[in-house]
Amino acid sequence: MAAKIQLVPEAARYLATAFPQLVPGLGSNFPAPALGFDAAAVESAYFVFRAADYVSGNVTVDIEWYAAATSNAVVWGAAIACQTPSDAQSVLTKTMGTAATVTTTKSGTANGPMRSTITITSLDSLAADDVVWLRVYRDATSGSDTMANDAFLTLVQVSYS
């Protein structure tokens, strides 16, 4: 059975620069908090979780998002860094594994929900009960990212076997 971990925008962490804006709630009938990723820069959000019950295989990251646009594409990326308790590597200097990306074309509905799925294969020696840092970013500088609007991330789901 696959483990599924839900990560909400409010749980995101950031470096000192190049981060998305936390928008507390734009909905008119219920709060819809999101991370607003800019259309002109690479911005990153980081999440941390424990890989309880990880056995083997790749990590799948589903990014739930919306945008005011009704066409064009967004490039999302994700990477992980894993640390086992008592590792010789410093928490402060650990590097991320190689990122994986996906290009998703926006549906014709303004602010309609979208899902982008990324399969991470660069697992940084992931093992059961590791502390995992997940970087999620929009690569707005990619030639494949053609949407001129901000992309609003509402949820990240991480799954593995």
Potential lengthening between Glu64 and Gln157 on full extension [0.36 nm per residue; Cα-Cα distance subtracted]:
32.7 nm
Equivalent ellipsoid semi-axes for the chain, as square roots of 5 times the alpha carbon gyration tensor eigenvalues: give them largest first, rounded to whole Å.
27, 16, 15
Pop a pseudo-label 7 angstrom from the Cα along the beta-carbon direction at both Lys94 and Phe30 and give the gap in nm to one decimal.
3.4
Looking at the stretch 1-94, which GluC sites (Glu not before Pro) are DSSP coil and have at most 16 other C-beta atoms within 10 Å of their C-beta?
none
Charges only on Cβ, +1 for Lys and Arg, -1 for Asp and Glu: so what's the dipole of the chain about the Cα centre, in debye to the nearest 20?
120
Whole-Å semi-axes of the stretch 77-161's equivalent ellipsoid, largest first, each the root of 5 times a Cα gyration tensor eigenvalue?
30, 14, 11
Efficiency of FRET between Thr117 and Ala18 - r from beta-carbon atoms, R0 22 angstrom, step 0.05
0.40
How charged is the neighbourhood of Leu134? Take every other residue with its Cβ under 14 Å from the Cβ of Leu134, and add Lys/Arg as +1 and Asp/Glu as -1.
+2
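Computed from the coordinates by the stated procedures, all read-outs in this text should not be read as laboratory data. Nothing here was measured: the structure is a model prediction, and the numbers come from that model. Neighbour counts run over all protein chains shown; Cβ positions are idealised from the backbone, glycine included.
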